[in-house]
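Have a look at the structure below, then the notes.
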Amino acid sequence: MIDTVTVMFSVNGNDVSAAVEPRTLLVTFLREHLGLTGTHIGCDTSQCGACVVHLDGRSVKSCTMLAVQADGQAVTTIEGLGTPEKLHPMQAAFNENHGLQCGFCTPGMIMSAVDFAQGNPSPTPHEVREWLEGNICRCTGYHNIVASVEAGARAMAKA
Amino acid sequence: MGLMSQPIRRTEDGRFITGRGRYVDDVKMEGAAIGYALRSPYAHAKIMSIDVEAAKSAPGVIGIITGAELEAAGIGHLGAAFPASFLKNRDGTPRVDGDRALLTVDYVRYVGEPVAFVVAESLNAAKDAAEQILVDYEELPAVGLIDEALDPGAPLVWPQAPGNIALDWAQGDEAATDAAFDRAAHVTRIDLVNNRVVVNSMEPRGAFGTYDKVTGQYELYATSQGSHPIADTIAKRILRIPPERLRVITPDVGGGFGLKMSTFAEYPLVLIASEKFGMPVKWMSERTEAFQSDSHGRDLKSHAEMAFDAGGRILGYRIKTDFNLGAYGLGFGPGIQSVVPMFVVGGVYKVPVVYNHVRAVFTNTVPVEAYRGAGRPEAAYIIERIMDLAAREMGLSQDEIRLRNFIQSHEMPFRSYVGAVIDSGDFQRNLHDCLRQADWAGFPARRAEAEKRGKLRGRGLAYYIEKTAGGASAVVISFTPAGRVEVGVGTSAHGQGHETTFAAIVADKLGVPFDSIDLIQGDSIRAPWGGGTGGSRSLWNSGNGILKAADAVIDKGREVAAALMDTAQDAITFEEGAFRVHGTNQFLPLLEVAEAARAGSKLPPELKARLEKGLDSSGTHEEKGDTFPNGCHICELEIDPDTGKVSVISYDVVDDFGFVLNPLIVAGQVHGGVAQGIGQALLENCLYEPGTAQLLSGSFMDYTMPRADDLPSFGFTYNEILCTTNPLGIKGCGEAGTVGAAPAVMNAVLDALWDKGVREVDMPMTALRVWETLQRAAAKAAV
Ligand code: FES
Ligand code: FES
């Protein structure tokens, strides 16, 4: 019998409580237990940022923490940021500026960018590049991601 | 105005930006088990025994599959895509590919080769159990590097391949080339290493298989660049079942870059496991596992020589390349440095005679296969590095040496010595435009300014060409009762935005609303047959195919519309999405005609019988005629001599892709391609340890992926010089950025270091390597 612990937190505004193996990563919990598959896994060394979610509004790599460490906090995933009908300004900016190709890095990029833009409404390209250092994209060469984040940050400031 | 040539925003983005994409790992199936591959920790070993008994009874374990069991069941092996008769040694003898079972039985030949497949209720349970499998290995000497493998007396990866030579291939005329060198006024020689890279699509590989024991049907979800080739390989070669018993579905795919063209062992393994254990089985690669088990790219060493006359004109070109094939010749592996780039080894120049001698070398490393450009970036790298060096040696400017040797527009179609027929292009114009765009003339001032800041500034130019087109992928346009237009294609996008670009063609051709069109791709049963997406040729295949299928729709529609409006066919014209009776205001929209044809009740019986499928039509672009994307890249960078750090300051590209269907998407392809080239040139390096062939760069911690702060923004423009050999006039853009980037960057690095006495630079020019190179040059100067 494998020991479990109970975690309670909110995910995208909904209260969640579940019994999990203590070694369960937050990303595994989100994907496997809650079916929130928008948060991706791109590595096993905490390098790629495909798994970025918000914990109480700040971006974290959900592969780098255990589900139990999120206990009592508010988790937001890409699914909770906006919907196809009502996009978050950062999501809209990625579409408008062709900031994605295969889309695999995209949820992590957007979640990371939203946190960044909250603190910096009119970033320079250089600042965007420095911030995104923890998110790897293999498709876009970052050019359009940087343009997306700049535009998204401006749009967020206006919204 | 039509949608074609417009920068339409991508329709597929909607699901990706909201987390609603569906990749293989997102597919859910009731009662699914997890598969995990136990992999060899040794580069070369004989397997004395495998004991799975303890592991079988570990908690949560469902079962374990070994190679011996697969052999007994008659399961087939993996292999190379090229028939033996198509690609052989220059003396006519057959090449050696080795023999790769899904799970090895007697020997392991690289670190990461799968030995057993554990199926359990969870990944953790599978991993825990795998640790309890007892494999008795007898370690053998191993070779991981080309030089080690070629050393006389090196241990052999395959006894049937003496000297570890898998393939000894050549193109061109050796004697005629030697004669050209005898006449030369100047000969430039260069030795180059093209470093090994790991593809690293951000989504690792994965597969999800089910077997229905009632119907005997297999279904596989796989991360692929095309479902049909994988279905064919698994059905015909591995499971040996009629093809209709297997359906391969490719859902959303997180990047491919050539990696996901091939059939990997884990794909049939999840099907075999599902059949054996009676439940769906999923396998997802982890990143560390990907480093060990994905096919790698590049890894070759070349010696090249170019003979010139006194005017700097090329007389002949001689290349000798040895490339690392890994432990097995799989997929496109044996062809990547031989037949794949053979038509572009001479670049954009008039090269009267060539001799290109290429050997594939077995090593105890994971097989090397296609990586973006597959052989063409390597060919461009060699010729653009040697042209750069030749210019320096002969005192010509970088543009002048190229202008003197370019194939001229007025000479096209031009049949090159290597047999390429280049239909169209204007190399001179693209070069001039790129020089202007990059402010080539203003460089000396920028260099002087950098020098004041203590920085070494360099610029590099490269003019690449690649050849694409070929293969056949069918298109089917069909009309649903709900009024939607389904476009089935045999290509398979994994980031390229085909849902948007293909729909634009259909919307323009048929005049139906853009948002009424659904793309059906990546499904070996629902989509028509095709070779998948790779080699920058999906628009060539599917785009031109759509034109054909759409023409067939219109022809049928005209007949139906004539019947419905009770008039003669030749009185009907098709304009703006409607069939119109000439000289009247009578018309019927295409979608109404399609629905009437589908229902059939209003059609004359003869027509109804003939148009059994209504207006649904298919088309395949099969016309011969290659395409030659080409363009000029200019890189400007600065080096900090104290740290060796290279900073790319600006990067300019002027391309010719023929007709550009969606400028936004095309620019994105170029950006991503250039980033991969810069990554290879400055950062990325896959290393195997000398002596042991242990993989040293096995994670993102020790393999440097290009990140946002490593790259500049890119200047990209294009000249649309239409391709004359296909109706759309397109040339293909997917790989081009990667083809041109590495030589442009490395020429710039050499330019920055030249005045310090540096004469040789090899990829990747990491900060450490630059610093060491500068120290060596300084020490030499001091002597
Ligand atoms: S999955 Fe790569 S950083 Fe989390
Ligand atoms: S869009 Fe594919 S990895 Fe970023």
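Put B:570, B:515 in order of accessible area, highest first, and with a 1.4 Å probe you get B:570, B:515. Magnitude of the charge dipole for chain B, about its Cα centre and with charges confined to Cβ atoms of Lys, Arg (+1) and Asp, Glu (-1), is about 680 debye.
Summarising the strand pairing of chain B, around 80 percent of its internal DSSP beta bridges are antiparallel.
Once both axes come from the Cα atoms, what is the angle between helix A:106-119 and the longest principal axis of chain A, in degrees from 0 to 90, rounded to 10? With rounding to tens, the tilt is 70 degrees. Sorted from longest to shortest, the spans of the Cα atoms of the protein assembly as shown along the three principal axes equal 87, 82, 65 Å. Post the alpha-carbon centroid distance, the range B:716-783 to the range B:78-153, in whole angstrom. Each part's Cα centre sits 34 Å from the other's.
Ligands, DNA and RNA left out, the 1.4 Å accessible surface of the range A:5-80 is 50% carbon and sulfur atoms.
Basic side chains Lys and Arg get +1 at the Cβ, acidic Asp and Glu get -1 at the Cβ, and with that the dipole of chain A about its Cα centre reaches some 320 debye.
Based on protein heavy atoms only, the range A:89-158 ends up with 29 Å² per residue of surface accessible to a 1.4 Å probe. Counting only protein heavy atoms and a probe of 1.4 Å, the accessible surface of the range A:89-158 is 51% carbon and sulfur.
For the range A:5-80, averaging the sequence separation of C-alpha pairs within contact (under 8 Å, six or more residues apart) and dividing by the residue count gives a relative contact order of 40 percent. Annotation for the range B:504-582: GluC sites (Glu not before Pro) lying in DSSP loop with at most 14 further Cβ atoms inside 10 Å of their Cβ are B:576. Each part gets one Cα centre, and for the range A:41-115 versus the range B:395-420 those centres are 49 Å apart. Here the protein assembly as shown carries DSSP beta bridges of which approximately 80% are antiparallel, counting only pairs with both residues inside.
Given a 1.4 Å probe and the protein chains as shown, residue B:332 ends up with an accessible area of around 70 Å².
Counting Lys and Arg as +1 and Asp and Glu as -1 over every other residue whose Cβ lies under 14 Å from the Cβ of residue B:547, the net charge comes to -3. Note on the range B:596-682: the alpha carbon radius of gyration divided by the globular reference 2.2 N^0.38 Å gives 2.15. Relative contact order, whole percent, for chain B stands at 15, derived from Cα pairs under 8 Å and 6 or more residues apart. With the simple spin-label model, which puts each label point 7 Å out from Cα in the Cβ direction, the residue B:687 to residue B:576 separation comes to 6.6 nm. The alpha carbons of the range A:5-80 occupy a box of 28, 24, 20 Å along the principal axes, longest dimension given first. Listed by chain and number, the lysines whose alpha-carbon sits under 26 Å from that of residue B:452, ignoring those within fewer than 8 places in the same chain, are B:645, B:756, B:780. The Cα atoms of the range B:474-620 cover 48, 29, 24 Å along the three principal axes, with the biggest extent listed first. Eigen-decomposition of the gyration tensor built on the alpha-carbon atoms of chain B gives equivalent ellipsoid semi-axes of 43, 38, 23 angstrom, largest listed first. At R0 = 41 Å, how high is the FRET efficiency between residue B:601 and residue B:624 if r is their beta carbon distance? Nearest 0.05 is fine. Taking R0 as 41 Å, the efficiency between residue B:601 and residue B:624 is 0.40. Pairs spanning more than 22 Å between alpha-carbon atoms, out of B:28/B:276; A:61/A:158; A:61/B:28: A:61/A:158; A:61/B:28.
Pulled fully out, how much extra length does the chain show between residue B:410 and residue B:313, if you take 0.36 nm times their separation in residues and subtract their Cα-Cα distance? Length gained, residue B:410 through residue B:313: 33.1 nm.
Label-to-label distance, residue B:174 versus residue B:645, with points set 7 angstrom from Cα along the beta-carbon direction: 5.0 nm. Past the 16 angstrom mark, what percentage of all C-alpha to C-alpha distances in the range A:89-158 do you count? Every Cα pair in the range A:89-158 considered, those over 16 Å come to 33 percent.
Put the Cα centre of the range B:443-474 next to the Cα centre of the range B:197-268 and the gap is 38 Å. In the protein assembly as shown, the DSSP-assigned H stretches of four residues or longer account for a calculated mean residue ellipticity at 222 nm of -8500 deg cm²/dmol, using -39500 (n - 2.57) per stretch and the full residue count as denominator. Across B:453, B:240, the residue with the most accessible area heads the list, and the full order at a 1.4 Å probe is B:240, B:453. With both residues required to sit in the range B:474-620, DSSP beta bridges show an antiparallel share near 80%. Among the listed pairs B:260/B:613; B:548/B:613; B:46/B:260; B:467/B:556, a Cα-Cα separation exceeding 28 Å is found for B:260/B:613; B:46/B:260; B:467/B:556.
Mean per-residue shielding of peptide A:35-48 is 6, counting Cβ atoms of other chains within 10 Å of each Cβ. Chain A and chain B together bury an accessible surface of about 4300 square angstrom, both sides counted, with a 1.4 Å probe and no ligands or nucleic acids included.
Scoring A:14-22, B:546-554 by mean Cβ neighbours within 10 Å over their residues and listing the highest first yields B:546-554, A:14-22. For the range A:5-80, the per residue solvent-accessible surface stands at 39 Å², with DNA, RNA and ligands left out and a 1.4 Å probe. The 1.4 Å probe gives accessible areas that order B:525, B:465, largest first, as B:525, B:465. For the range B:44-49, the Karplus equation 6.51 cos²θ - 1.76 cosθ + 1.60, evaluated at θ = phi - 60°, returns couplings of 7, 7, 9, 8, 7, 6 Hz by residue, with Gly and Pro reported as x.
The values are calculated or read from the model by the stated rules, or taken from the named source; none is laboratory data. Here the structure is a predicted model, which is why all the values come from computation and not from measurement. Cβ atoms come from the backbone with ideal geometry, glycine included; neighbour counts cover every protein chain shown. Ligands, DNA and RNA are excluded from the accessible area calculation, which covers all protein heavy atoms including side chains. Shrake-Rupley method; radii C 1.70, N 1.55, O 1.52, S 1.80 Å.
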